[in-house]
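I have placed the structure first, in the form of structure tokens, so that the comments after it can refer back to it.
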Amino acid sequence: MPDAKKINIVNPYQQTLFALIGVGFCSGFLLLGGFWFFNTNLGMASTVFAVVMLFMSVALFAVAFRLYASLSLRLAQNDQKHIQNALIQAKDMLDSSKQLRDEHILLQSLTQNLPYPIWLKDRFGRYLVTNKAFVSQWCNNTDPVGQTDEDLLNQTLATAFTAADKQVLSDHKPHILELKLEITGQPPRWVKIERYALLGEDGNVVGVLGLAVDISIYKLEVDSTNHGLDLLTGFANQQSLKQQLQSSIWLDKNPLCLHIDLDHFKVLNDSLGKDTGDILLKTVADRIRESSPEGAFLARVSADEFVAIWPAHDDQTQSLERIFELLKQPISLKEGQYSFTASIGVAQLPEHGDSLESIEQNASIALFNAKKLGRNQIHWYKDSYAGQAARRLNKEQMLRQAIADEAFVVHVQPRIDCTTNEIEALECLARIRTENGEIQYPSAFISLAESNGLIRHVDLYILEYALSLLQEWIMEGQEPINLAVNLSLQSVNQTLLDHLYQWQAREPRVFEYIELELTEHRLPENNSDFLKLLHEIRELGITLALDDFGTGYANLSRLPQWPFQILKLDRTFIANIRTSEKQQTVVRSIVEMCNNLGIKVVAEGIETEEELTLIDKLGCHSIQGFVYAKPKPIEEAEDWLKHKKITIQ
């Protein structure tokens, strides 16, 4: 086989160096030759040769000097590059070292400040690293590093821990253990301990990482549930109430059953927090206990709903009034006093049922009607309510079926600029078409949907319908008209925001034409998370409207913090506006203030031309009401969509 070609790699500096040596040698040789010719006696010829050789020697010396200068420069440049590279590498190493140090400090700080014990052991069971919680909770503030479980714990726990460590070291799988931890000088507690194998670079186990979480509260809740008690109030729980309703000991006592519900408890819980809500519930439970006669059975059946079974007694009417008034007394919460109201439904055996279970159900129906009639009252069961529960159940089944079959019909009502008769937006209103073709209006199912959580499905259907319709118009090249959708507070959550983000990726232009309306009296107070959520929705380009303003507290001071661009005055502002100058002053003030805040005001429920003229004079030019048009199916609204104008009917 022929030899492979050899590739000679020559250092670029060697060529210059060789040239420098060769030129220098020649220059010296010529210099010596010139001096030799000067010293010979060959006459004029020797002198000429001497001069020529000396001149060539000087020239070669100049070339050698140039080569030397070039070589020195290249070497200096190369050294400079090496120095620069070294400095860059040193800087990178310093940056990496600082980053590692910062990450180490952050990790160490995080680990040390976690409230549950964390530790790292070597293969021999010796503690290498622990956090503050481990030292304080398990070691009585004694440094455990270098010690084993046998040095720190009792024999039973040490044996269990050692066995668990060995299992992790052998199978490399996570190990979870729940046990009752008993340490000298501390109350017994239940802990959940997790262990994980720590692997080295070669894949071999070098230690065990462990952490422990206190689960005593959950064990206590289970124990309380098993004993039929509500952990927060000490009342009977739902399961215990069911057992009580089957008991026959009440049948000869003509008992009363009270269903007690705190009005708007969720608003407080959202505003002040769960811990404050728990304080309120404990106080309410104490007042119910204090007001109940001897021998009463008390239960907590949901977050803010209580059931009391009282034996009949002579002053039961006074007892009812006493508990009702006592529940309205102010309660001190978070350095302030708050007053609340309660709704109470009452039924009694045998007038309202033939068993304890039946009067409990009828007391619940009475409570439902108390809420329906405005809350803050004691309401007795009436014979006319018979069958109400069945009708309510039938409505709920109708609603569930409509959601499953998507049997909703969308009607729209225009919002008008009364100065130009132009349609500013169409409000989308949900209807249900039953199997027999009958149309069910919101009054028949919205409150029910809100009470059982089905409202989220209704809201999502209408919102998706509106967004899809806007997308269709955009794809067809039409100029869309704004569509407004009412949302329950239950629907305004992270799920809604995620759904809107999906639409943003699909067709962001729909957000230019969609309006979301939220009811004023349902807005939570001082809820920063909810407010942040609204701002995130607004940042998508969606218009936010505050609906039914005036049905709640009409708190004008809250308006600047909310990201609403539209405020819709409730019909209650309009009803007496023709005869009440004070009402006109209120409306004018609201309109002027909203104008200064950049908020458009819309008057709802305008039914007559007289109301229309008056509200226009007060500065509110956007209206919605029967004076222009009643809602109708969107399929029949082609003239509105085409002309985007409407005249008074």
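Couple of notes before you dig in:
- Within the option set R431, R456, being among the charged types (D, E, K, R) and open to solvent by 30 Å² or more (accessible area, probe 1.4 Å) holds for one residue only, R456.
- Test for E450: is it at pLDDT below 85, surrounded by 14 or more Cβ atoms within 10 Å (Cβ to Cβ) and not basic (K, R): yes
- When each of D314, D270, D286 is tested for being over 30 Å from N452 (Cβ atoms) and modelled with pLDDT under 85, the lone residue that passes is D314.
- Scanning the range 289-316 for residues that are open to solvent by 40 Å² or more (accessible area, probe 1.4 Å) and under 24 Å from K274 (Cβ atoms) returns R289, R300, S302, A303.
- Answer residue from the range 434-447, given it is part of a helix (DSSP H, G or I) and among the hydrophobic types (A, V, I, L, M, F, W, C) and is least open to solvent (accessible area, probe 1.4 Å) among those: A444
- Residue match in the range 487-503 (condition: of a type outside the set (S, T, Y), at pLDDT below 95, part of a strand (DSSP E or B) and open to solvent by less than 40 Å² (accessible area, probe 1.4 Å)): yes
- Residue count for the range 582-607, restricted to those that are in contact (Cβ under 8 Å) with a residue 12 or more places away in the chain and open to solvent by 50 Å² or more (accessible area, probe 1.4 Å): 9
- From the list S332, S319, the lone residue that is over 22 Å from Q239 (Cα atoms), out of contact with any Lys or Arg (no Cβ under 7 Å at 6 or more places or on another chain) and open to solvent by less than 10 Å² (accessible area, probe 1.4 Å) is S319.
- Any pair with Cβ under 9 angstrom, 6 or more apart, that starts in the range 309-332 at a residue that is touching a residue at least 24 places away in the same chain (Cβ under 8 Å) and ends at one that is among the acidic types (D, E) and open to solvent by 80 Å² or more (accessible area, probe 1.4 Å): P311/E294; I323/E290; L326/E290
- Selection over the range 166-201 of residues that are open to solvent by 70 Å² or more (accessible area, probe 1.4 Å), modelled with pLDDT of 80 or more and among the β-branched types (V, I, T) gives a count of 1.
- Close pairs from the range 139-161: first aromatic (F, W, Y) and modelled with pLDDT under 85, partner open to solvent by less than 30 Å² (accessible area, probe 1.4 Å) and in a loop (DSSP other than H, G, I, E, B), Cβ under 8 Å, at least 6 apart: F161/L153
- Any hit, the range 622-632, residues being closer than 30 Å to F408 by Cβ, open to solvent by 70 Å² or more (accessible area, probe 1.4 Å) and in contact with an Asp or Glu (Cβ under 6 Å, 6 or more places away or on another chain): yes
- Each residue in the range 337-353 was checked for being over 20 Å from Q316 (Cα atoms) and either of a type in the set (D, E) or open to solvent by less than 20 Å² (accessible area, probe 1.4 Å) (or both), and 0 of them qualify.
- Filtered residue count, the range 377-387, keeping only those that are at pLDDT below 90 and open to solvent by 30 Å² or more (accessible area, probe 1.4 Å): 5
The values are calculated or read from the model by the stated rules, or taken from the named source; none is laboratory data. A quick note: this is a predicted structure, and the numbers were derived from the prediction, not measured. We place every Cβ from the backbone using ideal geometry, glycine too, and count neighbours over all the protein chains shown. What goes into the accessible areas is simple: the full protein's heavy atoms, side chains included, and nothing from ligands, DNA or RNA. Shrake-Rupley method; radii C 1.70, N 1.55, O 1.52, S 1.80 Å.
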